[in-house]
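K.L.:
If you scroll down you'll find the structure; I have some questions about it.
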Amino acid sequence: MKSITSKISIIVLSLMASTFTFAEDKPAEEWLFVHTADEAQVTNNTTIVMPVTRDIFAFTDRPYRKHAYMTGQQFASLWAKAGSNSFKTDPPNAVLTWVEGEDVKEAEVVITGASIDGNSITYTTNSHPNTVGTIKSVSVFVDGAYYPCKGIWNPMASICICANEPTTMWSMPQCPQNNSF
């Protein structure tokens, strides 16, 4: 009987160990962003001014597959927040795309700053191609950020309030309820 109990214990412990070995932790949610506009002004090799004609689209990658919309003010504020994984401390990579004649052009940049003035966001980058002036059919694809916000939707005010950061409010059709944003 003692031998059977020992063997069962060994089997159970082995199964438990293999369960822990194969269990995967989900990676932290990482939000990516897309800002599009009909045109933008490239004022020099480090400054791009893009109008905010529609909200900034934000989404997560697998396994979360979430999405939300941000105002230009909310998006530009991501560069104002300090922290170990903030855009201010660790500026994001981005790809700037635009149409020139029949060609689609692109440039990889690091966005070191962003500010909003009225209806336009001014991006400061490390550098971009020697294009100065107006560029057409512009998109900026910005790599990920981790923002721990648990959203609480307030239907009366049509805003989403960040529960752990009450001064952060989102006016978007889909509140990131229980999402990291």
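The values are calculated or read from the model by the stated rules, or taken from the named source; none is laboratory data. No experiment lies behind these values; they were computed from the predicted model shown. Every residue, glycine as well, gets a Cβ built from its backbone with ideal geometry; the counts of neighbours run over all protein chains shown.
K.L.:
Of everything in the range 117-134 that's among the small types (Gly, Ala, Ser) and touching a residue at least 24 places away in the same chain (Cβ under 8 Å), which residue is surrounded by the fewest Cβ atoms within 10 Å (Cβ to Cβ)? So that I can check it myself, show each step before the final result.
P.N.:
At the first step, the residues of the range 117-134 found to be among the small types (Gly, Ala, Ser) are 118, 120, 127, 133.
This time we only want the ones that are touching a residue at least 24 places away in the same chain (Cβ under 8 Å), so: 120, 127, 133.
Values: Ser120: 19, Ser127: 11, Gly133: 8.
Filtering the range 117-134 for residues that are among the small types (Gly, Ala, Ser) and touching a residue at least 24 places away in the same chain (Cβ under 8 Å), the one surrounded by the fewest Cβ atoms within 10 Å (Cβ to Cβ) comes out as Gly133.
K.L.:
Whether any residue in the range 79-91 is modelled with pLDDT of 85 or more and either within 14 Å of Ala40 (Cβ to Cβ) or polar (S, T, N, Q) (or both) is what I want to check. So that I can check it myself, show each step before the final result.
P.N.:
First pass over the range 79-91, keeping only residues modelled with pLDDT of 85 or more: 79-80, 87-91.
Retained after the next criterion (residues that are either within 14 Å of Ala40 (Cβ to Cβ) or polar (S, T, N, Q) (or both)): 89.
Checking the range 79-91: at least one residue is modelled with pLDDT of 85 or more and either within 14 Å of Ala40 (Cβ to Cβ) or polar (S, T, N, Q) (or both).
K.L.:
Looking at (1) touching a residue at least 12 places away in the same chain (Cβ under 8 Å); (2) under 30 Å from Gly133 (Cβ atoms); (3) part of a strand (DSSP E or B), can you tell me which one Glu106 breaks?
P.N.:
Here Glu106 clears every test but (1).
K.L.:
Let me ask something else about it. Give the residue that is farthest from His35 (Cα to Cα), with candidates limited to residues of the range 114-139 that are assigned to a strand (DSSP E or B) and small (Gly, Ala, Ser). Lay out the reasoning, then the answer.
P.N.:
Within the range 114-139, the subset assigned to a strand (DSSP E or B) is 114-117, 120-125, 133-139.
Applying the additional criterion that residues be small (Gly, Ala, Ser) yields 114-115, 120, 133, 137, 139.
Values: Ala114: 12, Ser115: 14, Ser120: 11, Gly133: 19, Ser137: 11, Ser139: 6 Å.
Only one residue tops the list, namely Gly133.
K.L.:
A follow-up question, please. Do we find that Ala94 is in contact (Cβ under 8 Å) with a residue 40 or more places away in the chain, surrounded by 13 or more Cβ atoms within 10 Å (Cβ to Cβ) and in a strand (DSSP E or B) in this structure? Even if it seems obvious, please write down each step before you answer.
P.N.:
On the way: in contact (Cβ under 8 Å) with a residue 40 or more places away in the chain: yes; surrounded by 13 or more Cβ atoms within 10 Å (Cβ to Cβ): yes; in a strand (DSSP E or B): yes.
Considered against the rule, which asks whether it is in contact (Cβ under 8 Å) with a residue 40 or more places away in the chain, surrounded by 13 or more Cβ atoms within 10 Å (Cβ to Cβ) and in a strand (DSSP E or B), Ala94 comes out as yes.
K.L.:
Additional query: Looking only at the range 16-70, which residues are charged (D, E, K, R) and either touching an Asp or Glu at 6+ places or on another chain (Cβ under 7 Å) or at pLDDT below 80 (or both)? Spell out how you get there, then give the answer.
P.N.:
Residues of the range 16-70 that are charged (D, E, K, R), as a first pass: 24-26, 29-30, 38-39, 54-55, 61-62, 65-66.
Result: Glu24, Asp25, Lys26, Glu29, Glu30, Asp61.
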